Amino acid sequence: MKLYANNKVLDLSMPKVMGILNFTPDSFSDSGRFFQLDKALAQVEKMVKAGASIIDIGGESTRPMAEEVTLEQELERVVPLVEAVRQRFDCWISVDTSKAQVMCESAKVGMDIINDIRALQEPDALETAVKSGLPVCLMHMQGQPRTMQTNPHYDNVVSEVLEFLQNRTALCLQAGMNPQNIIWDMGFGFGKTVQHNYKLLQQLSVFAAQGYPVLAGLSRKSMIGAVLDKTVEQRVTGSVTAALIAAMNGATILRVHDVEETMDALKIWQATLQA
C-alpha cells in the first residue's frame, strides 16, 4: 500500500507516524503553545527528527465546543506555515481542513494530503480535492464539532461508520478521484461515546480489510482520559498504547502528538514481528 503526491511515494507497508501541528490559539492538547511561526517550525523539526513521516497542519480547532474559524483566518494561519515547512523539511505535509479554498491554496505551496474531518461535504470540497490529484483522508463525524459530543447515538457504530465511509468513497470515485488517493479515518472522538470509540478500536481490522489505508487519531483524546482518569498532559502512555493497538489491527497512519514515544512502541512491535 502506497500514497503518491508531488513526485513522492509514501510506503505504508509499515505504519507511518503523522505528527500533529495545531496552529491555533485554542487546540485542546497544546493550548496554542505553537501558535507562532518560529515555535511551530521548531516543533516540526522535533517531530521529523523523532521519526514523523507526515506533519498534519491545522488552522481550526475541531475539539468539542470549538469556535468556528473564518476562511480568512484559516488561510492566514495555514498557507504560510505549509510553505515554510515545505521549504525547510523533507516530510509529507497534510492539511487538516474542510474548506475548498484552503485546500486549493495549500496545494499551491506544497501540501501532499488533504485531511478533512467533514469528508469533502463542504461546498466545492469534493471537486477541489479531485482536481488537486492529491491523497485525501475521509473522516466520519456525527454532527459538527461544536455539538458532536452532546448525545451521540448509533444502533451499530461499526456498521454505520463503515457504511458512511463506503458511501463517501463511492461519491469520490464517481467524481473521478483515483482510488489510490483515498484514506479512511473512523473519527475517534467525533460524535462518539467512550464505548463507541473502543468498539471501533477493537474492530479496526474490519475497516482495514476494505483495502484503503486507515488513519487512526486517538492521541490524548477523552477516550484515553475516561479510562485512565488523567489530564490531557498525562495521557502519553495511554495514547501510545492505543496507537499500537490500532497499528496491530491494521491502521497504517497514526496521528499523534507524542511522536518519539509512538515510534519507540512501533519499533518494539516491528522487532517482534521480525524476530
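Using only helices, what value at 222 nm comes out for the chain when you add -39,500 (n - 2.57) per DSSP H run of length 4 or more and divide by the total residues, to the nearest 500 deg cm²/dmol?
Helix contribution divided over all residues of the chain: -13000 deg cm²/dmol.
If the cut-off is a Cα-Cα distance under 15 Å, which aspartates and glutamates reach K108, setting aside same-chain residues fewer than 8 apart in sequence?
E76, E83
At a 10 angstrom cut-off on C-beta neighbours, averaged per residue, how do the peptides 187-196, 157-166, 223-232 rank from highest to lowest? Each step should come with its number before you reach the end.
Values: 187-196: 21.7, 157-166: 17.7, 223-232: 15.9.
Ranked from most to least packed, the peptides come out as 187-196, 157-166, 223-232.
S13 versus A175, label points 7 Å from Cα toward the beta carbon: distance in nm?
Using points 7 Å along Cα→Cβ, the separation is 3.3 nm.
Using DSSP, restrict attention to beta bridges with both residues in the chain and report what percent are antiparallel, rounded to the nearest 5.
Roughly 10 percent of the beta bridges in the chain run antiparallel, per DSSP.
Over all directions, average the projected area of the Cα convex hull of the chain and note it in nm².
Mean shadow area of the hull around the Cα atoms is 13.2 nm².
Given Cα pairs under 8 Å that are at least 6 residues apart, what percent is the relative contact order of region 16-274?
17 percent
Please go through the residue pairs K16/K39; K49/K230; K49/K221; K49/K267; K2/K192 and name each one whose alpha carbons sit more than 21 Å apart in this structure.
Going by Cα-Cα distance, K16/K39; K49/K230; K49/K221; K2/K192 fall outside the 21 Å limit.
Would you list, by chain and number, the aspartates and glutamates whose Cα falls below 13 Å from the Cα of K131, excluding same-chain residues fewer than 8 positions away?
E105
How compact is region 147-275 by the rule of thumb for globular proteins, expressed as Cα Rg over 2.2 N^0.38 Å?
Normalised Rg, Cα atoms only: 1.10.
If you filter region 39-84 for GluC sites (Glu not before Pro), then keep DSSP loop positions with at most 14 other Cβ within 10 Å, what is left? Please report the intermediate quantities before stating the final value.
Details: sites: E45, E60, E67, E68, E72, E74, E76, E83; in loops: E60, E67, E68.
Those that pass, being in a loop and sparsely packed, are E67, E68.
Please list, short to long, the whole-number percent of alpha-carbon pairs of region 122-207 in consecutive 10 angstrom bins beginning at zero.
17, 45, 29, 8
Give me the percent of Cα-Cα pairs in region 80-171 that sit more than 20 Å apart, rounded to a whole number.
Details: 1802 of 4186 pairs.
Result: 43 percent of Cα pairs exceed 20 Å.
Choose one of M1, F23, H153: the residue whose Cα lies farthest towards the positive end of the charge dipole of the chain (beta-carbon charges +1 Lys, Arg; -1 Asp, Glu; about the Cα centre).
M1
Each reported figure results from applying straightforward, stated rules to the coordinates on display, with no laboratory input. Bear in mind that the values here come from a model prediction, so they are computed numbers and not experimental data. Positions of Cβ are generated from backbone atoms using ideal geometry, with glycine treated the same way; all protein chains shown enter the neighbour counts.
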